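This report concerns only the one structure given below.
The values are calculated or read from the model by the stated rules, or taken from the named source; none is laboratory data. Just so we're clear, the structure is a prediction, and the values are computed from it rather than from any experiment. Every residue, glycine as well, gets a Cβ built from its backbone with ideal geometry; the counts of neighbours run over all protein chains shown. Note: accessible area is taken over every heavy atom of the protein model, side chains too, but ligands, DNA and RNA are not part of it. Shrake-Rupley method; radii C 1.70, N 1.55, O 1.52, S 1.80 Å.
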Amino acid sequence: MPFDTKFPVQSVRATYPALDDGHAYLDGAAGTQTPQSVIDAIVTAYRTGIGNVGGAFAASHRSDEIVAACRAAVADLVGGRPDGVILGPNMTTLTYRLAGALAKGWGPGDEVVVSRLDHDANVRPWIQVATRAGATVRWAEVDLATGELPVEQYADLIGERTRLVAVSAASNVLGTRPDVAAIAALAHEAEALTYVDGVHATAHGPVDMVELGADFYATSAYKWAGPHIGAVVADPALLETIRPDKLASSLDTVPERFETGTSAFADLAGVTAAVNHLAKMVPGTGTRRERLVTSMSAAESYELELFAVLLEGLESMPHVTLYGKPARRTATAYFTVAGRTPRQVAEALAARGVNVWNGHNYAWELTGALGIRDSGSAVRAGLVHYNDPSDVDRLLQGVARLQE
Ligand SMILES: Cc1ncc(COP(=O)(O)O)c(C=O)c1O
């Protein structure tokens, strides 16, 4: 198969010890494996000695440095500013925190726009805080035949009372990449904020949150080779205007005032290592940001090239139903197999050493709209930068054998 030779998948794979177990890890959309450099960074942080931040001694200074390095790394990854990087346990927790803080200024008559495409973490928090504030929730619908989120509907959905538009940079099941920049332009015309869920998207290509028009860009390091840490990135000037609930004794500076309790310092060292890993998957020059763009662009081309084989293979099987056919997408497939529940398919594939997910994967509204949520939803098989042609072959062979 004539794969993009610019992407050195075998040397990338060699950096991931977990891949040595011989499984085809097609479950990256639920969380990737971690390269040795990330594991080393976490171990080193603990071994060297870390303290809480802000102390007078060396171990505390090391934690200060770990936090600062992590903010700089995440900012480079998404095209934001280090002092606008809020760190926390995961995207869901941070989104609840931001939603609670933002909705303090909402009231009856205000509106928030959510989408039927999104992971529930970028839907439910907004509905819950809007409902408490007496604000109205408006829904962007998915074209169920294609899996697209038509941008035209936003002209009607967004108005002068819109306070916030929550939208995904990529669907975690269909892979759809909506035209976030166009949606954001409409939101900004109405002086509304945009909250962009980049948890799925970040792993699959270069990100420029300014180009996307994201006032808030949410991401989770465990989807892109890092540990279980989430981040929300925003312009620090915007964060200065927002007042989350906080302890009297905790820092009131930005971004610290958005972070509750003591951070997972060693894991934050792992996040920086993960960003450095992504930046050097292919040789490049320039700043880390420039190398990230080069490396993630190469990874995206490679993933999509390999995905074309996966998709063609599944499409050719009469017993497979694929959901969504979006024009711009990540390398993520969502499908059912005739005569088998999604769980049975995942179990049959697991028996052959192929890891895939079954279920709604928290795409709660979408699977409901597709009418598949109550029957176990579907199977998700996705590619990330460490998957190779043999992973795809094994998936296709496994699914082919499930024909009745
Ligand atoms: C698109 C998307 N958004 C949000 C989330 C939630 O992220 P977290 O687990 O960091 O809360 C996920 C997790 O699967 C996701 O795929």
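Does the range 309-330 include one or more residues that are modelled with pLDDT of 95 or more and closer than 16 Å to Phe7 by Cα?
So in the range 309-330, the residues modelled with pLDDT of 95 or more come out as 309-330.
Right, trim to closer than 16 Å to Phe7 by Cα and you get none.
No - not one qualifying residue is present in the range 309-330.
Taking the options Thr253, Thr260, Thr294, name whichever one is open to solvent by 60 Å² or more (accessible area, probe 1.4 Å), among the polar types (S, T, N, Q) and within 16 Å of the ligand (Cβ to nearest atom). Give the steps one after another, and end with the answer.
Values: Thr253 fails: within 16 Å of the ligand (Cβ to nearest atom); Thr294 fails: within 16 Å of the ligand (Cβ to nearest atom).
Going through Thr253, Thr260, Thr294 in turn, just one is open to solvent by 60 Å² or more (accessible area, probe 1.4 Å), among the polar types (S, T, N, Q) and within 16 Å of the ligand (Cβ to nearest atom): Thr260.
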> Quick one: how many residues across the range 33-50 are touching a helix residue (DSSP H, G or I) at 6+ places or on another chain (Cβ under 6 Å) and either open to solvent by less than 50 Å² (accessible area, probe 1.4 Å) or among the hydroxyl-bearing types (Ser, Thr, Tyr) (or both)?
Replying inline: 9
> All but one of (1) open to solvent by 10 Å² or more (accessible area, probe 1.4 Å); (2) without any contact (Cβ under 8 Å) to a residue 60 or more places away in the chain hold for Gln10; which doesn't?
Replying inline: (2)
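Filter the range 208-230 for residues that are away from the ligand (no atom under 16 Å from the Cβ) and not in a loop (DSSP other than H, G, I, E, B) and give the result.
Keep residues of the range 208-230 that are away from the ligand (no atom under 16 Å from the Cβ), which gives 208, 210-211, 213, 215.
Passing the criteria: Val210, Glu211.
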> Identify, please: which residue in the range 146-164 is out of contact with any strand residue (DSSP E or B) (no Cβ under 8 Å at 6 or more places or on another chain) and without any contact (Cβ under 8 Å) to a residue 60 or more places away in the chain and is, among those, farthest from Pro178 (Cα to Cα)?
Replying inline: Glu160
>> Here's a check for you: in the range 275-291, which residue that is closer than 22 Å to Thr34 by Cα and in contact with a Gly (Cβ under 8 Å, 6 or more places away or on another chain) is least open to solvent (accessible area, probe 1.4 Å)?
In response: Val275
>> Report every pair of residues separated by at least 6 positions or lying on different chains whose Cβ atoms are under 6 Å apart, first residue within the range 215-230 and more than 15 Å from Val67 (Cβ to Cβ), second more than 11 Å from the ligand (Cβ to nearest atom) and polar (S, T, N, Q).
In response: Asp215/Thr194; Ala225/Thr32; Ala225/Thr34
>> Looking at the range 360-373 only, could you name the residues that are within 18 Å of the chain's Cα centre (by Cα) and surrounded by 19 or more Cβ atoms within 10 Å (Cβ to Cβ)?
In response: His360, Asn361, Tyr362, Ala363, Glu365, Leu366
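Being part of a loop (DSSP other than H, G, I, E, B), within 21 Å of the chain's Cα centre (by Cα) and either aliphatic (A, V, I, L, M) or over 18 Å from Ala30 (Cβ atoms) (or both) narrows it down to one residue among Val233, Val167, Val151, Val196; which is it? So that I can check it myself, show each step before the final result.
Numbers: Val233 fails: part of a loop (DSSP other than H, G, I, E, B); Val167 fails: part of a loop (DSSP other than H, G, I, E, B); Val196 fails: part of a loop (DSSP other than H, G, I, E, B).
After applying the criteria, what remains is Val151.
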>> Condition first: of a type in the set (Ser, Thr, Tyr) and more than 19 Å from Tyr323 (Cβ to Cβ). Now tell me which residues in the range 348-404 satisfy that.
In response: Tyr386, Ser390
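Given the structure, is Leu186 open to solvent by less than 10 Å² (accessible area, probe 1.4 Å) and either away from the ligand (no atom under 15 Å from the Cβ) or over 13 Å from the mean Cα position of the chain (by Cα) (or both)?
Criteria not met by Leu186.
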> Within the bounds of the range 275-287, is there any residue that is within 16 Å of the ligand (Cβ to nearest atom), of a type outside the set (D, E, K, R) and not in a helix (DSSP H, G or I)?
Replying inline: no
>> Among the residues in the range 314-333, are any touching a Lys or Arg at 6+ places or on another chain (Cβ under 9 Å), among the small types (Gly, Ala, Ser) and either under 25 Å from Val123 (Cβ atoms) or open to solvent by less than 50 Å² (accessible area, probe 1.4 Å) (or both)?
In response: yes
>> Please determine whether any residue of the range 90-97 is more than 16 Å from the ligand (Cβ to nearest atom), part of a helix (DSSP H, G or I) and touching a Ser or Thr at 6+ places or on another chain (Cβ under 8 Å).
In response: no
> Filter the range 203-250 for residues that are farther than 24 Å from Ala273 by Cα and among the small types (Gly, Ala, Ser); which is surrounded by the most Cβ atoms within 10 Å (Cβ to Cβ)?
Replying inline: Ala214
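Quick check on this structure: which one of Val123, Val114 is within 11 Å of the ligand (Cβ to nearest atom) and farther than 30 Å from Ala69 by Cα? Reasoning before the result, please.
Details: Val114 fails: within 11 Å of the ligand (Cβ to nearest atom).
Being within 11 Å of the ligand (Cβ to nearest atom) and farther than 30 Å from Ala69 by Cα holds for just one of Val123, Val114, which is Val123.
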> What do you reckon, is Thr34 within 16 Å of the ligand (Cβ to nearest atom), touching a residue at least 60 places away in the same chain (Cβ under 8 Å) and either in contact with a Phe, Trp or Tyr (Cβ under 9 Å, 6 or more places away or on another chain) or over 30 Å from Gly398 (Cβ atoms) (or both)?
Replying inline: yes
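Pick out the one residue from Glu290, Glu305 that is of a type in the set (Asp, Glu), free of Cβ contacts under 8 Å to residues at least 60 places away in the same chain and not in a loop (DSSP other than H, G, I, E, B). Spell out how you get there, then give the answer.
Details: Glu305 fails: free of Cβ contacts under 8 Å to residues at least 60 places away in the same chain.
The match here is Glu290.
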>> Going residue by residue through the range 378-401, is there one that turns out to be more than 25 Å from the chain's Cα centre (by Cα), open to solvent by 50 Å² or more (accessible area, probe 1.4 Å) and farther than 28 Å from Tyr302 by Cα?
In response: no
